[in-house]
Amino acid sequence: MTGGPASGAGWVRQLAFGVRLAFRGGATGWTRVALTATAVGLGVASLLLAASMPNLLSARDARERARVDYIQDLEQRGGDTLLLGRADTEFHGIRIRGRLLQPEGPAAPVPPGLTTLPKPGEMLVSPALAELLSAPESELLRVRLDYRIVGQIGDEGLSGPGEFAFYAGGDRLEGRSGVQRLNAFGNTNPSEGLSPRLMLLVVVAFVVLLAPVVIFIAAAVRFGGESRDRRLAALRLMGADRRMTRRYAAGEALAGGLLGLAVGAVLFLAGRQLIGRFTLWDISVFPADARPSLPLTVSIAVAVPALAVVVSLGVLRKVAVEPLGVFRRTGQGRRRLWWRLLLPFAGLALLAPLFGGRADTDGQLARVQVGGGAVLLLVGVVTLLPWLVEAVVRRIGGGGGVSWQLAVRRIQLDSASSARLVSGVAVAVAGAIALQTLVAGVESVSVQDTGADLHRAQVNVVLSEGATLAEGEEIRARFARTRGVRSVVGNVSAGAWVPGADEGVQFMMGTCADLREFAEITRCRSGDVFITEDDPEASGGAEPPHPGQRVVVDGTNWTIPAGARWVKGRRAPDGGVWRGAILAMPGAAADLAAKPLRLSLYLGLDRSDPDAVELVRNTAAAISPLTYVFGIQEVQIDNKFAGIRRGILVGTVAILLLIGASMLATTLDQLRERRALLAALTAFGARRGMLTRATLWQMAVPVALGLVPAVLIGTGLGLALLAMLGLPLHVSPANLLVTVSAGAGVVALVTLASLPVQLRLMRPEGMRTE
């Protein structure tokens, strides 16, 4: 093993020797390789999952677009037409997509996922809904969906394996309001993309969630560093020079990276088969859709081994491997701060040109700038952490108990290892804080206050196919008799048009109690008519009509009585408000009272009865499967924003679990390297409790210090992103507390999980060496 320049073939042989060296060393060597490969494999599996997101989203979008049924509404019946009514419902918070189908000819279209259309009284269900219906606690749902199950919906007709959906056969859909006629399913129009704000949120989410994965892989390739250095020193003693040892180390790191790739591929393929069994926040995916794109897969296959080699060679720069031993270069002086601040400042400089809301119009360039700036700021956490740990621990005196002194002395001897141990958590916390700040800002424009008053009603029931005033009273009585219903108010309504006007106003008919829900009415008797004054809060609608004016209500000419009174409008229980609405008692419009108009009821429920709303839905389904039951909400959330927010929650939970696994593996590796020391201390009389407390302090100090730059940089990144979107700058202390507590909680769980291994390594057998 003589030194000297090596040819290309010599380099290859030395790298190959390093690869073989990784698998030598008996049980200890195999344990080291297994830890490295498993940790790197977890990171690779996460990257492959991220690389599958484009295919996951495109496949889900393609299935949803293929079953779109709201584009057409044909007038003429034909041999290839189908009547479709929406029968969506909910069951204890579970959303169920329902459709009623009635073919009008032999060539009627069949929705994706079905081979034939169900007959009246039959239905086909998704696997998830079939399982829900078979559950013992779903008796109320079985009563509501009183159809005979004749099959299941295929995968191509579902957004995901966890979707709850059904198609039922109908026979009386013709002529009913809300029923559409179509001759094909699907939407070929280009889909509407995300708004600039939501696209920016997606870019930041990917950067924030993937940055800890890269740090996790970089930490994994360091496993077994001390034993590797001892092996390299033995090779130096046998004649290898410094350049050869670096190549051996590169080969050993390359072996761990390549084996980690293989393990990651296996974990990804195995996890892909199980992914369809889980649903988080209404998100579920088919295993077949989890296909990493080829360019991203190739990039991962090249980047992971390269990262392993670069990290391994970087570690050797701070270690002097000599024939007589390994020397840590601790006399190189204190770490300097100035260059560590360059990265976060460079990140802010990259984001600064976009401040003031200009990110909305810069398109692709803005996304690149945002991604690059976020990466630089998050990497700044990693570079600042070693300096901060060293600067603080160096000033800690010798006070405190023995466990505290042992922990502080260990951190002082190797502050870099302590910082690396918690760097992943620090980056994850910083990214989570930035995401939460950005989500809160986007939420302020994506979530709207509906103005609803839940003290007046909690459920709105709408029978859009129409009911006469007498039929409406009968339906109202059926709901009033339903268990859990405390109050029922409502009206029949229709659009009213003033001849020559471009827009209409709302016409509502009901009792005095009903009309008082929509206007401030003091005196009310049979035959009265009221017109609400122009409400500045109302949106849309024509100018209010005047007493004595003729209007057209549902095709019927009707003249507003000259004695109609002006009243001040009032928000409906669901927050709705109308401009210039006409409120009429039945006696004032007998002809309209006999016509089937839109029926809308507001129900107050007994909130102590958990089945009250489900019983209301059952009553509505018994009246008509096309009756809509809406839960009144105080806020309305944009659907796309809600989906992105759920995805961020899923990703954050996954990243925290991954970081916890990384820390546990790193901690176990460090304990294994120090098993002889722990066993010797125990043999000389050190109490196990004291050594356990020392381990806890050794973990707690870097975590507490690491959360400082994490909070500062995460908050700074979040505020910068808000400034880019022109949103109000605001940081929620509650979100900060929850995020920091989650990061600290992960560390606490990892520490507790490592304690049994530490206690086992304290036995006298731990002093044995190979």
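The values are calculated or read from the model by the stated rules, or taken from the named source; none is laboratory data. Remember, it's a predicted structure, so these values are computed and weren't measured experimentally. Cβ coordinates were reconstructed from backbone atoms using ideal geometry, including for glycine residues, and neighbour counts include every protein chain displayed.
Brief remarks follow.
- Only listed residue being in a strand (DSSP E or B), surrounded by fewer than 21 Cβ atoms within 10 Å (Cβ to Cβ) and not basic (Lys, Arg), chosen from GLY604, GLY587: GLY604
- Here LEU649 meets each of (1) among the hydrophobic types (A, V, I, L, M, F, W, C); (2) surrounded by 18 or more Cβ atoms within 10 Å (Cβ to Cβ); (3) at pLDDT 70 or above; (4) closer than 21 Å to GLY441 by Cβ with one exception, condition (2).
- The number of residues in the stretch 445-496 being surrounded by fewer than 19 Cβ atoms within 10 Å (Cβ to Cβ), under 22 Å from VAL577 (Cα atoms), at pLDDT below 90 and not charged (D, E, K, R) comes to 10.
- Of all residues in the stretch 275-292 being modelled with pLDDT under 85 and either part of a helix (DSSP H, G or I) or small (Gly, Ala, Ser) (or both), the one that is surrounded by the fewest Cβ atoms within 10 Å (Cβ to Cβ): ARG277
- Any pair with Cβ under 9 angstrom, 6 or more apart, that starts in the stretch 522-533 at a residue that is aliphatic (A, V, I, L, M) and ends at one that is surrounded by fewer than 19 Cβ atoms within 10 Å (Cβ to Cβ): VAL529/PRO547; VAL529/PRO561; VAL529/GLY563; VAL529/ARG565; ILE531/HIS546; ILE531/PRO547; ILE531/ARG565; ILE531/TRP566
- Which numbered condition TRP578 fails, given (1) over 21 Å from SER487 (Cα atoms); (2) assigned to a loop (DSSP other than H, G, I, E, B); (3) at pLDDT 75 or above: (3)
- Residue in the stretch 66-83 that is at pLDDT 85 or above, aliphatic (A, V, I, L, M) and in a strand (DSSP E or B) present: yes
- For the stretch 727-737, the criterion of being touching an Asp or Glu at 6+ places or on another chain (Cβ under 8 Å) and in contact (Cβ under 8 Å) with a residue 60 or more places away in the chain is satisfied by no residue at all.
- Of all residue pairs spaced 6 or more apart or on separate chains, those with beta-carbon atoms under 7 Å, a first member in the stretch 93-109 that is over 20 Å from LEU132 (Cα atoms) and a second member that is crowded, with 18+ Cβ neighbours inside 10 Å and of a type in the set (Phe, Trp, Tyr) are LEU101/TYR167; PRO109/PHE185.
- Failed item in (1) surrounded by 20 or more Cβ atoms within 10 Å (Cβ to Cβ); (2) assigned to a loop (DSSP other than H, G, I, E, B), with VAL731 passing the rest: (1)
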